[in-house]
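S.K.: Structure in structure tokens, see below.
Rule-based calculations on the coordinates, nothing more; no lab input. Just so it is clear, the model here is predicted, and its values are computed rather than measured. Here the Cβ is made from the backbone with ideal geometry for all residues, glycine too, and neighbour counts use every protein chain on show.
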Amino acid sequence: MTVSTFKEMFLGNKELFKGTYAYKNWNFNKKSKVVKLDMSSVDSTSPELLLESLTLMITSITGKHGVVILIDEYDSPLLKNIYKPKLKEIKDILSNFYSQLKANEEYIRFS
């Protein structure tokens, strides 16, 4: 629910927040493009498929236009594999993925 809330805030949907703290304190005039990444839909059945899924997810985001990236269920691939031998590989891939986002933070308003 928090990710959906942020999405609406960044899109500038002020009327949805009438009567809330955000309505008076958030700058709804500063709209941003929002990219929501749902990590629960990522195929993490193998490290290779996880990497392929993440690559496809990111390459579907075209251009570098100062987007907002909201990540829902960020730990889902780890939790799905918590007792499996491939956990370390999956953790390493996710770590690299999040590091790449961090490295491009000049193009990202909020992540």
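S.K.: Could you give the dipole magnitude of the chain about its Cα centre, charging the beta-carbon of Lys and Arg +1 and that of Asp and Glu -1, in debye to the nearest 20?
M.R.: 500
S.K.: Under 10 Å, Cα contacts only: if you run a Gaussian network model on the chain, which one of K14, K91, K30 comes out with the highest mean-square fluctuation?
M.R.: Taking springs between Cα atoms under 10 Å, the residue moving most is K30.
S.K.: Using the Karplus curve 6.51 cos²θ - 1.76 cosθ + 1.60 with θ = phi - 60°, what ³J(HN,Hα) values do you get for each residue of the stretch 28-33, in whole Hz, with x for Gly and Pro?
M.R.: 6, 6, 8, 7, 9, 6
S.K.: Now for a separate question. So what's the back-of-envelope 222 nm ellipticity for the chain, counting only DSSP H runs of four-plus at -39500 (n - 2.57) apiece and dividing by all residues, rounded to 500?
M.R.: -13000 deg cm²/dmol
S.K.: With unit charges on the beta carbon (Lys/Arg positive, Asp/Glu negative), name the residue among Y74, L101, F6 whose Cα is farthest towards the positive pole of the charge dipole of the chain.
M.R.: It is F6.
S.K.: Please list, ordered by chain and number, the residues whose modelled amide H lies under 5 Å from the amide H of L70; skip anything fewer than 5 residues away on the same chain.
M.R.: Long-range HN contacts for L70: V35, K36, L37.
S.K.: Show which aspartates and glutamates lie in cross-link reach of K36 when reach means a straight Cα distance below 20 angstrom and same-chain residues fewer than eight apart are skipped.
M.R.: K36 reaches E8, E52, D72, E73, D75, E105, E106.
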